[in-house]
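Below is one structure, written out as structure tokens; the observations come after it.
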Amino acid sequence: MAKDLLLEDLNEPQREAIMHTGSPLLVLAGAGSGKTRVITRKFAYLVKKKKLSPMSIFTVTFTNRAAEEMKHRICGLLSMDVKQTWIGTFHSQCNKILRREIKHLGYKSDFTIYDDEDQCSLIRHILKELNIYEALYKGIASRISILKSSLITPENFLYQGDGFGFDEKLGRVYMRYQDELKRSDALDFDDLILLTARLFEEHPKICAKYQRSFDYILVDEFQDTNLSQYRLLQLMAAGQNNICVVGDDDQSIYKFRGAEVNNIRNFEKDFPGLKIIKLEQNYRSTQNILDVSGRVIASNPNRKEKRLWTDKGCGDKVCYSMLGNEEEEAKFVAKTIKDLYLKGLHEYSDVAVLYRINLQSRAIEDGLRAEGIPYHVLSGVSFYHRKEIKDVIAYIKLVANTDDNVSFRRIINSPPRGIGISTLAKIEQEAKKNSSSLYNTVRQIVKSNNSVLSSIKERLASFVNIIDLLRQGSYKNAAELMKAVLNKTNYLDHLEEERAQNVVDLISSVENVSVHNFLDRTALVAVAETDNPVSAVSLMTLHSAKGLEFPAVFLVGLEEGILPYFKALEESSDMEEERRLFYVGMTRAKERLFLSSVMRRRFYSKVQDQEPSRFIKDIPRDCCQWIEKIQPVHHCVDKSKIPADQKISLFDIGCRVKHPFWGIGVVRECSGIGENAKVTVNFPGIGVKRLVPSIANLERVNI
């Protein structure tokens, strides 16, 4: 391949990044700046122009999909098969090394790799053995993963105490977990990285062998590396310092997985002679989208500054909407999507709705279904397809129809009652003999002297009693029946917090829906979603949206406590990551970006007032269209009955007020009198604030 073909259709910084060799290189690749093109072209350039062997270029990324895409592109550039080269994920590369060398660490080369399910199963077993609450297993698995990615062994952790915020129980479980892995000659995913780094540190000759084997190291998505991956790269590159990392500190959003944004910041210090090249031309988004997202991320301190620009033009202004509640937000999103579709501006598959937490998808799904808009949930499960939701629905179905064998099978042992598969098989045999439903068969077994299932008759009787009592009740709506189900089964006691909150949210959403209508609605949901339409709106969390792009993006729930998430409000580093998450969401949009907040949101059966996200105030108004669709609540007050000393604190809807810090605003809502008076004020450029006038020092302004 001629040089002009390898370097054609590139801008100057891209071309410079591809051609640079001889010293460490950090390519700061802004969102949509063509980083994949750069890293694949650089691989081909090193082979074609620098005459390096494809086997001598150690190339790592983070997902199997990204690795396969990289191989496909490089194969096209070089016209050769690169399947056997060192192109892959960190885990696959380390696995290859350990299969050859792990005997030096006391393991067999045919070690087993435990996936997430295997890991959780082992941890549950250990928790049960140590008499620790078993439902903690997922949280403990996550914490152990963080410890390993931070190069902290069980011995280190126990020696250092709980300075990392973990208690002594975690230390015991971690130690026991590692002992069991070693005894089973097994590694989990984090061990693949950790043990490779340990191998190189403890056996310098082996490390030197691999340093000589690789003439060049290429790293994609460098901002997502954790400490153990960074240490591994340091060890491998120590020989020749021929390393190029490509990443964007503004898109580091995986701290919860151990990703360390400081790796980008420390790279210059740890690799002397480093050259930095910035890729700032964006090929994805319009300038208005770049200006809005750029102004927001600029408020993060300690970042590597980048000024993204595009030759695609300004495009439509970014739309920000303030709405009354999550139902209004969902209706606005759905109607806007329908409008874009009917006008021929976008197909449904062009559109994505992004949210911070999975719980938000329920209202959005309801809004899209009401408009007949097809959708699918990416990198997650539709709200109505989550196990806990389907379990509760199955109880409702069985109460409504005891001949529903599918629902019976689903809940007979949920929550666990000691009624296993073999018992269910015996019940089904009896049901076939008598041509009866499974539930009615169990009722007959409980009443008779049937010896087949005598050992668990009490458990079956308890289940029958629950269903019979539920069937005898009278329920004004589906929510009442659900509450009765949870009360009699103690189902929530067996769920993790997030799953339990999903159930509570389901109940809150059906307080005005009859049982019959609820069952019809959920049945239609199942039909609509299993169709898996080709053209459908994509729903996903912000974390799942990383690496994707869509012509039109809706980013919902921009409120304090959601984005930024309430758990991030205390730590400045967490707040910075929330801002980066917002930035990642905005930069997924190619042509149109819609942002929205609500005044009130229902969380876990409680309706609470919401404040717009602090990030909203950073949005430049000249790039944005501000829309407010709030129905003000007018509180009728007989002013003649208000004592004279209290009239001074009364404001009218629509009047202008002045705040000592936020300036002039307009009163949108007011309630109460005297010291109990409260007002909701919209301050342009700041957002909506709910205030007590006597405390906030508000002054009425007559303009």
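The values are calculated or read from the model by the stated rules, or taken from the named source; none is laboratory data. No experiment lies behind these values; they were computed from the predicted model shown. Don't worry about glycine lacking a Cβ; one is built from the backbone with ideal geometry, like all the others, and counts go over all protein chains shown. Just so you know, the surface numbers come from the protein's heavy atoms only, side chains and all, with ligands and any DNA or RNA stripped out. Shrake-Rupley method; radii C 1.70, N 1.55, O 1.52, S 1.80 Å.
Determine one quarter of the surface area of the Cα convex hull of segment 248-405, which equals its mean projected area, and express it in nm² to one decimal.
Numbers: hull surface 58.5 nm².
Value for segment 248-405: 14.6 nm².
Could you calculate, for segment 332-386, the ratio of the Cα radius of gyration to the Kirkwood radius, expressed as Rg to Rh? Intermediate values should be presented prior to the final figure.
Numbers: Rg = 11.3 Å, Rh = 11.8 Å.
Rounded to two decimals, Rg/Rh equals 0.96.
Under 5 Å from the amide H of Cys670 lie the amide H atoms of His635, Thr680, each residue being 5 or more positions distant or on a separate chain, with H modelled from the backbone and absent for Pro and chain starts. Shape annotation for segment 217-307: C-alpha extents along the principal axes are 45, 28, 22 Å, from largest to smallest. Expressed in Å, the radius of gyration and Dmax of the Cα atoms of segment 1-94 are 12.8, 36. Residue by residue, segment 92-102 carries 3J(HN,Hα) couplings of 5, 5, 5, 4, 4, 5, 5, 4, 8, 10, 5 Hz when phi is fed to the Karplus relation 6.51 cos²θ - 1.76 cosθ + 1.60 (θ = phi - 60°); x denotes Gly or Pro.
Here, segment 186-337 yields an orientationally averaged convex hull projection of 13.9 nm² when only Cα atoms define the hull. Based on protein heavy atoms only, the chain ends up with 46 Å² per residue of surface accessible to a 1.4 Å probe. Computed over the chain, the P(r) tail beyond 49 angstrom holds 27 percent of alpha carbon pairs. Coordinate range of the alpha-carbon atoms in segment 448-488 per principal axis, descending: 41, 16, 9 Å.
Specify, per residue and in Å³, the volume enclosed by the convex hull of the alpha carbon atoms belonging to segment 255-329. Kindly include the intermediate steps, with their values, before the conclusion.
On the way: hull volume 11.9 nm³, N = 75.
Hull volume normalised by residue count: 159 Å³.
What percentage of all Cα-Cα pairs in segment 30-78 are separated by more than 18 Å? Result: 28 percent of Cα pairs exceed 18 Å. Modelled this way, with points 7 Å down the Cα-to-C-beta line, the labels at Arg295 and Asp115 are 4.7 nm from one another.
Once the Cα gyration tensor of segment 120-268 is diagonalised, what are the square roots of 5 times its eigenvalues, in whole Å and ordered largest first, as equivalent ellipsoid semi-axes? Values for segment 120-268, descending: 31, 19, 12 Å. Across segment 299-366, how large is the tail of the calculated P(r) beyond 14 Å, expressed as a percent of all Cα pairs? Distances greater than 14 Å cover 73 percent of the Cα pairs. Listed peptides 146-154, 270-278 appear in the order 146-154, 270-278 once ranked by packing, highest mean of other Cβ atoms within 10 Å at the front.
Each residue of segment 74-84 is assigned a 3J(HN,Hα), and the resulting list reads 5, 4, x, 6, 9, 6, 8, 6, 10, 5, 8 Hz, derived from the Karplus form 6.51 cos²θ - 1.76 cosθ + 1.60 (θ = phi - 60°), x at Gly and Pro. Note on segment 1-157: percent of Cα-Cα distances in each 10 Å bin, starting at 0 and stopping at the bin with the largest distance, equals 9, 27, 27, 19, 13, 4, 1. Taken along the Cα-to-beta-carbon direction at a fixed 7 Å, the label points for Ser79 and Ser514 span 7.2 nm. Please report, as a whole percent, how much of the solvent-accessible surface of the chain comes from carbon and sulfur atoms (probe radius 1.4 Å). Ligands and nucleic acids excluded, carbon and sulfur give 48 percent.
Residues whose amide H comes within less than 5 Å of that of Lys50, counting only those at least five positions distant or on another chain, are absent (H built at 1.01 Å from N in the peptide plane). When its C-alpha radius of gyration is set against 2.2 N^0.38 Å (N residues), segment 444-515 gives a value of 1.39.
Across all C-alpha atoms in segment 79-198, the radius of gyration and Dmax reach 15.8, 59 Å.
Say R0 is 25 Å: what FRET efficiency, to the nearest 0.05, do Ala238 and Asn156 get from their beta-carbon distance?
Numbers: r = 23 Å, r/R0 = 0.92.
The pair Ala238/Asn156 has a calculated efficiency of 0.60.
Here's how it looks for Val688: its modeled amide H is under 5 Å from those of Phe683, which are all 5 or more places away or on a different chain. When the scattering of segment 210-263 is computed by the Debye formula from its Cα atoms alone, each counted once and equally, what is log10 I(q)/I(0) at q = 0.22, 0.30, 0.31 Å⁻¹? Cα-only, vacuum Debye calculation for segment 210-263: -0.79, -1.16, -1.20.
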